Amino acid sequence: MANHRIIFAGNGEFGLPSLRAILDSTDELVQVITQPDRPAGRGRSLAPTPIGLAAQAANLPLLKTADINRETLPEADVMVVIAFGQKIADAVVRHPRLGSVNLHASILPKYRGAAPINWAIIRGETITGNSIIRLAQRMDAGAILAQSSLTIGPLETAGELHDRLAGDGAPLLIQTLAALFEGRASETLQDESLATMSPKLSRESAQLDFACPAAELAAKIRGLYPWPGCRAVLRDAAGTELAKLRLVRARPAINDEGPRWEPGEVMMSSMISTPDGALDIVELQPEGGKPMALADYRRGHRWEPGLRLTPG
């Protein structure tokens, strides 16, 4: 069987397993397209995208562009688009013989948009997955070619789920491409009445309000780690700042100590009081430090009843 010619467009780490899976197949990557190098790190020196770095390491034909629509692309059988971040014109979408497909980290039509992994956790979902769709002019609205599903762990963070979904997406993509090449792929239109969005995140998205229910707080903490990260300040009864923290992992719990505690206060159990119960901080990250279990943090830092967490 003749090799098929594939164009790959992507930027972030989510697409790396899929890029490697195509590289390991019998098909040919005739072009990898990514965003131009951008300032990164404390020194703000220019750095390639993860996809660009992987393509360079594998000596793949690499195009760095701020606008794919202005480029002349090689002939190809299909274009794969994963976390690319550019609006692609219809003429470019239709340029390959079999068109273009996109790997999206949700069970569409739920969680269209920029941050589906985060919002699935924030909204309390227990199941998520990947969708491979036809690239369409409306965001994440193309016909569905294949889907998968994964259970979200009760303490799983967005970063951990990201890596699992990235790994899950690679074989799903390879299977879908094989179906396309062999002419046996089927397409299902998305039900627009079920569509939901997953807006882009910002640091403001991570503001915590300890007057919210414990389950909502726990889901937000896990869903926004590692970025942007829910920050909190630990204070004593007088309001003096004791530590700046990033909360990594938490779960809702029962408050069996009565109404004596205000929202945000550390209880006798070491949990945080909320209006409907308690928030069990399982893991946190001190400013400038590494993530650690709360039990380990308490061995070297203050964390006693009456202290209070406030938004960071």
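Among 54, 146, 40, determine the one that fluctuates most according to a GNM of the chain built with springs between C-alpha atoms less than 10 Å apart. Ranking 54, 146, 40 by mean-square fluctuation puts 40 first. Straight distance only, please: which lysines reach the Cα of residue 200 with their own Cα at less than 17 Å, same-chain residues fewer than 8 apart left out? Here the lysines satisfying the reach criterion relative to residue 200 are 87, 110, 220. How compact is segment 41-168 by the rule of thumb for globular proteins, expressed as Cα Rg over 2.2 N^0.38 Å? So the Cα radius of gyration is 1.17 times the expected 2.2 N^0.38 Å.
A Cβ-based charge dipole, computed about the Cα centre of the chain with Lys and Arg at +1 and Asp and Glu at -1, lands at about 680 debye. Mean sequence separation of contacting Cα pairs (under 8 Å, at least six apart), scaled by the length of segment 162-312, corresponds to a relative contact order of 23 percent. Given the options 155, 193, 54, identify the residue whose Cα lies farthest towards the positive end of the charge dipole of the chain (+1 on Cβ of Lys, Arg; -1 on Cβ of Asp, Glu). Toward the positive end, the furthest listed residue is 54.
For Cα pairs less than 8 Å apart in space and 6+ apart in sequence, what is the mean separation divided by the residue count of segment 236-280, i.e. the relative contact order in percent? Once normalised by length, the contact order is 34 percent.
In plain terms, the C-alpha convex hull of segment 199-312 casts an average shadow of 6.6 nm² when viewed from every direction. Screening the chain for whole DSSP H helices with an alpha carbon extent of at least 27 angstrom along the helix axis and a mean Kyte-Doolittle hydropathy of at least -0.5 yields 158-181.
Projecting the Cα positions of 15, 259, 34 onto the charge dipole of the chain (unit charges on Cβ atoms of Lys, Arg, Asp and Glu, taken about the Cα centre) puts 34 furthest along the positive direction. A viscosity of 0.890 mPa s and a temperature of 25 °C, combined with the Kirkwood radius over Cα pairs in Stokes-Einstein, give a translational diffusion coefficient for the chain of 115 µm²/s.
Expressed as a whole percent, the accessible surface of segment 144-264 that belongs to carbon and sulfur atoms is 54, based on a 1.4 Å probe. Positive contributions from Lys and Arg (+1) and negative ones from Asp and Glu (-1), summed over other residues with Cβ under 13 Å from the Cβ of residue 109, come out at 0.
Taken over segment 140-206, the ratio of Cα radius of gyration to 2.2 N^0.38 Å equals 1.41. For the chain, a Gaussian network of Cα nodes joined below 10 Å ranks 115, 57, 218 by mean-square fluctuation, and the top entry is 57.
The values are calculated or read from the model by the stated rules, or taken from the named source; none is laboratory data. These figures come from a predicted structure and were not determined experimentally. Note: ideal-geometry Cβ built from the backbone for every residue, glycine included; neighbour counts use all protein chains shown. All accessible areas refer to the heavy atoms of the entire protein, side chains included, with ligands and DNA or RNA removed. Shrake-Rupley method; radii C 1.70, N 1.55, O 1.52, S 1.80 Å.
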